[in-house]
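Have a look at the structure below, then the notes.
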Amino acid sequence: MKLAAENLSAGYPGRRRPALDRVTLEVPTGSFTAVLGPNGSGKSTLLRALLGVMAPSAGRATVDGTDARAWNRRELARLVGVVSQNEATAFPVTARELVAMGRYPHQGPLRAERPHDRRVIQRALKRCDVTELAARRVTTLSGGELQRVRIARALAQEPRVLALDEPTASLDISHKMTIVGLLRRWADRGMTVLLITHQLNLAARFADRVVLLHRGRVAAQGPPRKVLREEVMESVYRWPLHVDCDPVVGAPRVVPLDPPPGRPG
Amino acid sequence: MSPAGGRQWTAVLLLGVAVVASVLTAVRFGSVPLSSAQVLGALSGTGDPIHREIVVQLRLPRALLAVVVGGGLALAGATLQALLRNPLAEPYILGISGGAAAAAVLTLGLGLVAAGSWVLPAAAFVGALVAIALVFGVATAVDHSLDVRVLLLAGVVVGTFFTGVIALVLALSDAPAVRGAMLWMMGSLGGAQWRTVLVGATYTLPAGLVLIALARSLDLMAIGEETASFLGTDVERVKRTALGVASLVTAAGVGMAGVIGFVGLIVPHAVRLSVGSAHRKLLPLSFLAGAVFLVLADLIARVALAPTEIPIGVVTAFVGVPLFLLLLRRSHQ
């Protein structure tokens, strides 16, 4: 299942500049696509507009060829799992209850949990290494533990597309590598993966395609080698950078340099 | 059936029995104490006709009104806490009590209550509806998607306006009217009749079914509207339906029994501490627990300082707060 945007624009009331400005892109079926860009470049807005929770001001987004806004939300939730950035934990649900919510789009309002639901939940907990946390209340989890539980919830949806907004931001090296490695493996098996991240080198190493956003527009898109070029990255991030090929992993490597004299920082 | 599901049904069953037991207990006590045998006789129509009159016409409708109002307030409180993602939310948070109280105080101050016993509850109900309409109107005018933060602010603002109305009417009223108004505002189930029970049940029971059908959506709304949407919820529809239903239940409760505090705030939290936050368990158990709590609170209100009846709001505060603190301490140990 692929995601696509044609001349997609979207904005928030009270702001003059649109958060997304005529974005055209494609997230091909079974690809691992990373979305990069500075703070405020429109990455999270792109996720909302691509999946139809936010109405575009112009253009359109499609999921599997159908307009994202035309999808029945429950049907869409059976195909697309999302780990977004903002989520409240006002009330103490357990980690298992939070993961079980990934089954809700399959269950409807009244149907009880079936053996298949329980198997899917167990498997999702195991894959994200949170089985031991199942009975814990989410209010007692660390940031990294909670993040893995939320990824497990998205997996419990049994999605064909997985979209994640900064999922690795609060994870340590081993959990970060585990999660991104899993995303890579799932993409190889045909799942469409969309990863929004600030971790340039991780994206360069694991993603098939990179979309670089700048002030709501696509500054560049394509394979990491084509997009992560020094002059493009420097102009988008407004910071001196050095880009070379990492000799160990064989992928582009971005190294931020010291600022030139006279620049703040 | 999973173990968790089994526990849930056990809890529903136990609390259901507790509701019946508390009603039968409440029916026994009062100015004329009755034995269980006398109550059963009265209920089956074989006992003393005076006992029959006391049980069937006075105490039973009152206890059943406590079931409806207590259950309804707890249900509304649990729902609003989830929708507003705010553990401090309670049924009156959106200005409903202010509107109802202002209308009630006006009818008392203007002496309109003389027209019949139905005037005060009807006025309070209408006042509550006016407050709801104002709050939703203000919130929608500011933000079309009914942002819950805007809704909360609108509730506070509308509530404050009605507090001003109440203060003005009280300042212009004579002492007996002021006393009557104060007592009404602290809540009482003294106006219970079979008719009120019927009206209350007509509002509360279908509302309960609607909210329980929305239980999974409420689980999702409690962790955020965007996440709820990504997990397949029609956020705007759920928000409007659940807020509307919870508000109607609260308005009906305020109309029949005045403003009874603490039930809608504390009962859902107490239930959460015991069985967790999943609304499929939380909503039905909150209804039952709220019912038991208010039946017993009303019993205490009637008999503690008999023949004087204390406002039920006093009892819910005096009994509810220590009980809740005890639960809170136990859950953190």
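The values are calculated or read from the model by the stated rules, or taken from the named source; none is laboratory data. Fair warning: this is a prediction, and the values are worked out from it, not measured in the lab. Note: ideal-geometry Cβ built from the backbone for every residue, glycine included; neighbour counts use all protein chains shown.
Of everything in segment A:166-196 that's closer than 18 Å to A:G37 by Cβ and modelled with pLDDT of 95 or more, which residue is farthest from the chain's Cα centre (by Cα)? Top of the filtered list is A:V193. Condition check for B:P33 on (1) outside any loop (DSSP other than H, G, I, E, B); (2) closer than 16 Å to B:D298 by Cα; (3) not aliphatic (A, V, I, L, M): one failure, at (1). Taking segment A:112-141 as the range and being surrounded by 13 or more Cβ atoms within 10 Å (Cβ to Cβ) and not in a helix (DSSP H, G or I) as the test, the residues that pass are A:E113, A:C128, A:D129, A:V130, A:A134, A:R136, A:R137, A:L141.
So that you can scan it fast, the table gives a plain yes or no per residue for (1) more than 17 Å from the chain's Cα centre (by Cα); (2) part of a helix (DSSP H, G or I); (3) at pLDDT 90 or above; (4) not hydrophobic (A, V, I, L, M, F, W, C):
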| residue | (1), (2), (3), (4) |
| --- | --- |
| B:H144 | yes, no, no, yes |
| B:V157 | yes, yes, yes, no |
| B:F162 | yes, yes, yes, no |
| B:A181 | yes, yes, no, no |
| B:A192 | no, no, no, no |
| B:G200 | no, yes, no, yes |
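Could you look through segment A:76-111, keep only residues that are of a type in the set (S, T, Y) and buried (at least 20 other Cβ atoms within 10 Å of the Cβ), and pick out the one that is farthest from the chain's Cα centre (by Cα)? My answer is A:T94. Of the listed requirements (1) within 14 Å of B:I266 (Cβ to Cβ); (2) away from chain A (no Cβ under 14 Å); (3) surrounded by fewer than 24 Cβ atoms within 10 Å (Cβ to Cβ), B:A76 misses just one: (3). Do we have any residue at all in segment B:107-130 that's in a loop (DSSP other than H, G, I, E, B), under 17 Å from the mean Cα position of the chain (by Cα), touching a residue at least 60 places away in the same chain (Cβ under 8 Å) and closer than 27 Å to B:V235 by Cβ? No, that holds for no residue.
Residues in segment A:72-111 that are assigned to a helix (DSSP H, G or I), of a type in the set (G, A, S) and more than 22 Å from A:T131 (Cβ to Cβ): 1 in all.
Going residue by residue through segment B:262-282, is there one that turns out to be in a loop (DSSP other than H, G, I, E, B), away from chain A (no Cβ under 14 Å) and in contact with a helix residue (DSSP H, G or I) (Cβ under 8 Å, 6 or more places away or on another chain)? Yes: one or more hits.
You will find that of A:L202, A:L213, the residue that is touching a residue at least 24 places away in the same chain (Cβ under 8 Å) and either crowded, with 23+ Cβ neighbours inside 10 Å or farther than 18 Å from A:Q85 by Cβ (or both) is A:L213 and no other.
Residue-by-condition table, conditions (1) in contact with a Leu (Cβ under 8 Å, 6 or more places away or on another chain); (2) of a type in the set (D, E); (3) under 24 Å from B:L183 (Cβ atoms):
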residue: B:P284; (1), (2), (3): no, no, no
residue: B:L296; (1), (2), (3): no, no, yes
residue: B:V303; (1), (2), (3): no, no, yes
residue: B:E309; (1), (2), (3): no, yes, yes
residue: B:G313; (1), (2), (3): no, no, yes
residue: B:F318; (1), (2), (3): no, no, yes
residue: B:L325; (1), (2), (3): no, no, no
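Among the conditions (1) over 17 Å from B:S22 (Cβ atoms); (2) more than 14 Å from every other protein chain (Cβ to nearest Cβ), B:V67 misses just one, which is (1).
Taking the criterion of being away from every other protein chain (no Cβ under 14 Å) and surrounded by fewer than 20 Cβ atoms within 10 Å (Cβ to Cβ), the residues of segment B:209-251 that qualify are B:R240, B:G244. The residues listed here are A:G108, A:G65; of these, the one that is at pLDDT below 95, away from chain B (no Cβ under 12 Å) and out of contact with any strand residue (DSSP E or B) (no Cβ under 7 Å at 6 or more places or on another chain) is A:G65.
Residue-level check: of (1) in a loop (DSSP other than H, G, I, E, B); (2) within 19 Å of A:D165 (Cβ to Cβ), A:R69 misses just (2). Being away from every other protein chain (no Cβ under 14 Å), over 13 Å from the mean Cα position of the chain (by Cα) and closer than 26 Å to B:G180 by Cα is a description that does not apply to B:A257.
For A:R136, the conditions (1) within 14 Å of chain B (Cβ to nearest Cβ); (2) touching a residue at least 60 places away in the same chain (Cβ under 8 Å) are fulfilled apart from (2). Condition first: of a type in the set (K, R) and either within 9 Å of chain B (Cβ to nearest Cβ) or at positive phi (or both). Now tell me which residues in segment A:68-85 satisfy that. Scanning segment A:68-85 gives A:R73, A:R74, A:R78. Every condition in (1) more than 8 Å from chain B (Cβ to nearest Cβ); (2) free of Cβ contacts under 8 Å to residues at least 12 places away in the same chain; (3) closer than 21 Å to B:R237 by Cβ holds for A:A88 except the one numbered (1).
Of all the numbered requirements in (1) out of contact with any Pro (no Cβ under 7 Å at 6 or more places or on another chain); (2) under 30 Å from A:S84 (Cα atoms); (3) not basic (K, R), B:M185 misses one, and that requirement is (2). Under the condition of being part of a strand (DSSP E or B), out of contact with any Asp or Glu (no Cβ under 8 Å at 6 or more places or on another chain) and crowded, with 17+ Cβ neighbours inside 10 Å, the residues counted in segment A:6-54 number 10. Among the conditions (1) surrounded by 14 or more Cβ atoms within 10 Å (Cβ to Cβ); (2) within 25 Å of A:T45 (Cβ to Cβ), the only one that A:V243 does not satisfy is (2).
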